[in-house]
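The values are calculated or read from the model by the stated rules, or taken from the named source; none is laboratory data. Bear in mind that the values here come from a model prediction, so they are computed numbers and not experimental data. Positions of Cβ are generated from backbone atoms using ideal geometry, with glycine treated the same way; all protein chains shown enter the neighbour counts. When the accessible area is computed, the model is the full protein with side chains, heavy atoms only, and any ligands, DNA or RNA have been set aside. Shrake-Rupley method; radii C 1.70, N 1.55, O 1.52, S 1.80 Å.
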Amino acid sequence: MADLHLIGGEKGGPGKSMVCRTLTQYHLDRDYTFTLYDTDRSNPDLMRIYGKSAGCQLGVFSEGEQYEDTANAIFNSAIAARTLCNLPAQVFIPLKDWIEKNDLLSLAHESGICFYLWHVSDCGSDSLKLFRRSLKHFGTAMPHIFVKNYGMTDNWEPFDSDERLQALIAAHDVTIMSFPKFIGNKDRNIIDNLSLTFGDARAYEGFGPISRQRVKTFLRKAYAAFDGVPALCQSPSSSHKGR
């Protein structure tokens, strides 16, 4: 079975690109077959950083009729191999329209593809509200993975104490994942400014041993978190990296 992982958060700034970049490096380091798409046209970080090493391609989700077929390649690629897709902010409506107008959840079932929607959160009230909306709309038809991004906040009391949201999470069997904080703001800024992959960053000669160790420690913690996500457990092995 192939799968399509849509990594988003709906609002801007919860760290979804950081999660997707790390998930990409996870697949490269594990030597898994996958296809990578960046659909964030305003700030295509993933394309800029992983365009060469992971063969990242650009995709478009849009309400405009002239773009109605531009996202179809994303679905088609998932038929052949696991596909990771970095979503832009405020994509819920065009994503919903693409899925529903093409009856993609039924087609995915027929084609042996499973959709997963990752919601990267900073625990803000708007983030939790948008996650609740997504759960209510898609229900169990599209499994959700909620990412508690500790790089944005370590206070998750509003999430943990929201009884209505927790009831929805239990009813829809949502996977909860804790994503670690990258220690060293200066190091992270250098990585971002130089558009380094995490693979390049952990061996970057411009870093001292402590900075390189920070990258390795962050990846080790993030990979342990990814290993705990059931949707990634059936990871397809490959003799080549990326696609």
Filter result for SER121 (surrounded by 15 or more Cβ atoms within 10 Å (Cβ to Cβ) and out of contact with any helix residue (DSSP H, G or I) (no Cβ under 6 Å at 6 or more places or on another chain)): no
Residue match in the stretch 140-152 (condition: loosely packed, with under 13 Cβ neighbours inside 10 Å and in contact with a His (Cβ under 8 Å, 6 or more places away or on another chain)): yes
Count - residues of the stretch 107-124 that are hydroxyl-bearing (Ser, Thr, Tyr) and modelled with pLDDT of 95 or more: 2
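Let's see how each residue does on (1) of a type outside the set (Gly, Ala, Ser); (2) touching a strand residue (DSSP E or B) at 6+ places or on another chain (Cβ under 7 Å):
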{"residue": "GLY51", "(1), (2)": "no, no"}
{"residue": "GLY59", "(1), (2)": "no, yes"}
{"residue": "ILE74", "(1), (2)": "yes, yes"}
{"residue": "ALA78", "(1), (2)": "no, yes"}
{"residue": "THR83", "(1), (2)": "yes, yes"}
{"residue": "CYS114", "(1), (2)": "yes, yes"}
{"residue": "VAL120", "(1), (2)": "yes, yes"}
{"residue": "SER125", "(1), (2)": "no, no"}
Filter pass, PHE182 being in contact with a helix residue (DSSP H, G or I) (Cβ under 8 Å, 6 or more places away or on another chain), touching a residue at least 24 places away in the same chain (Cβ under 8 Å) and assigned to a strand (DSSP E or B): no
Any hit, the stretch 44-54, residues being in a loop (DSSP other than H, G, I, E, B), more than 13 Å from ASN86 (Cβ to Cβ), modelled with pLDDT under 95 and not charged (D, E, K, R): yes
Any hit, the stretch 85-101, residues being over 17 Å from the mean Cα position of the chain (by Cα), modelled with pLDDT under 95, among the charged types (D, E, K, R) and not in a helix (DSSP H, G or I): no
Residue match in the stretch 75-83 (condition: of a type outside the set (Gly, Ala, Ser), in contact with a helix residue (DSSP H, G or I) (Cβ under 6 Å, 6 or more places away or on another chain) and surrounded by fewer than 16 Cβ atoms within 10 Å (Cβ to Cβ)): yes
Subset of the stretch 169-187 (residues that are within 13 Å of PHE218 (Cα to Cα) and open to solvent by 30 Å² or more (accessible area, probe 1.4 Å)): SER178, LYS181, ILE183, ASN185
Subset of the stretch 14-39 (residues that are assigned to a helix (DSSP H, G or I), charged (D, E, K, R) and over 12 Å from the mean Cα position of the chain (by Cα)): ASP29
Selection from the stretch 139-164 of residues that are under 15 Å from VAL174 (Cα atoms), assigned to a helix (DSSP H, G or I), at pLDDT 95 or above and not charged (D, E, K, R): PHE159
Residues (farther than 20 Å from CYS20 by Cα, of a type outside the set (A, V, I, L, M) and surrounded by fewer than 16 Cβ atoms within 10 Å (Cβ to Cβ)) located in the stretch 84-99: LYS96, ASP97
